[in-house]
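Working notes, beginning with the structure itself.
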Amino acid sequence: MKEKILEVKNLSFSYKDQKVLSDLSFDVYKGDYFGILGPNGSGKTTLLKLCLGLISSKEGKIKIFGEDIKDTEQKNKISYISQKSNAFNVSFPATVQELIYSSLRSVGYDSKSSKKMTSDAIELVGIGHIADRRIGNLSGGQQQKAFIAKAISSKPEIIFLDEPTVGIDYGSEGFFYEAMHMLNQKGVTICMISHDISAITSYANRVACIGEDTFHIHESNDIMDIETSLKKIYGKKMRLVTH
Ligand SMILES: Nc1ncnc2c1ncn2[C@@H]1O[C@H](COP(=O)(O)OP(=O)(O)OP(=O)(O)O)[C@@H](O)[C@H]1O
């Protein structure tokens, strides 16, 4: 039987009196590449923040690695790459490799392991040429890549990504998707929000479609099947092409 990494049961959430999510239930299994699609404002980021324990709800339950997200001590197995990683203060003093290295040291890795993990992550994301540059002096896309490297450096078991390729150039975007695919092939579970429908249908093995009053999980990336859901949530017919 497949191992459940994330369990969401009867989850609802409102900001004050605005209901955003209503009675969602789903599981994410070890090794899934779980894509999340939906129009602006449908609640995708809110759902991810709830799954990460960054915000909480009184209605419903979320478990990660079998423990309630509110009490889990396994947060070191989780990484998050947000939409806004690159909104960075230019006066930030550390270089890319110092940022990654110090984040690894702060979660308990020794100096030797931290150095090796830092260089592995830098190589995987293809940012060796900017490793010695100060984060604050990099472009938005370069900063986003640095934060992606930081997020994968600790070898997490699950990575949550919220529109991770916003601001990243076309060539690097392809490189990024391949890197995530490679991590997924090695057993890392990926949960990714994206507006890039063809990337999701190319890489994800399961796809959640969130609309105003609908939530549907597709148990494969079958394009014909997903097109029907997309028509419902976006209100118009779409023709999908794969990458
Ligand atoms: N902190 C907040 N306080 C109040 N309302 C919020 C807050 N964050 C989000 N919302 C509202 O909740 C709804 C869902 O927002 P959310 O960011 O989860 O959507 P999304 O599907 O991720 O959108 P997008 O595709 O534009 O990123 C929106 O109507 C938004 O205005």
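Residues within the reach of a label modelled at K61 (point 7 angstrom out along Cα to beta-carbon, backbone nitrogen below 11 Å), restricted to the stretch 3-34, are 7-10. Of the residues N205, N40, N221, the one that moves most in a GNM of the chain with alpha-carbon contacts below 10 Å is N40. Among M224, M117, M182, sorting on how many other beta-carbon atoms sit within 10 Å of each Cβ, with the fewest leading, yields M224, M182, M117. Counting only trypsin sites (Lys or Arg not before Pro) that DSSP places in a loop and that have at most 15 other Cβ atoms within 10 Å, the longest clean stretch of the chain runs over 134-185.
For the pair S14 and E178, label points projected 7 Å from Cα toward Cβ lie 4.9 nm apart. Under a Gaussian network description of the chain, with springs only between Cα atoms under 10 Å, the residue in S172, S153, S79 that fluctuates furthest is S172. When D17, D23, D71 are sorted by how many other C-beta atoms sit within 10 angstrom of their C-beta, beginning with the fewest, the order is D17, D71, D23.
For a modelled paramagnetic label at R105, 7 Å from Cα along Cα-to-Cβ, the residues of the stretch 114-135 in reach, with backbone nitrogen under 11 Å, are 114-115.
Just checking the listed ones, G53, G174, G108: in the Gaussian network model of the chain with Cα springs under 10 Å, the one fluctuating most is G108. Taking the fewest neighbouring Cβ atoms within 10 Å as the starting point, the ordered list for F160, F147 is F147, F160.
Laboratory data are not the source of any read-out in this text; all were calculated from the coordinates shown. Given the structure is predicted, the values throughout are model-derived calculations rather than measurements. Virtual Cβ from ideal backbone geometry, glycine too; neighbours counted across all protein chains shown.
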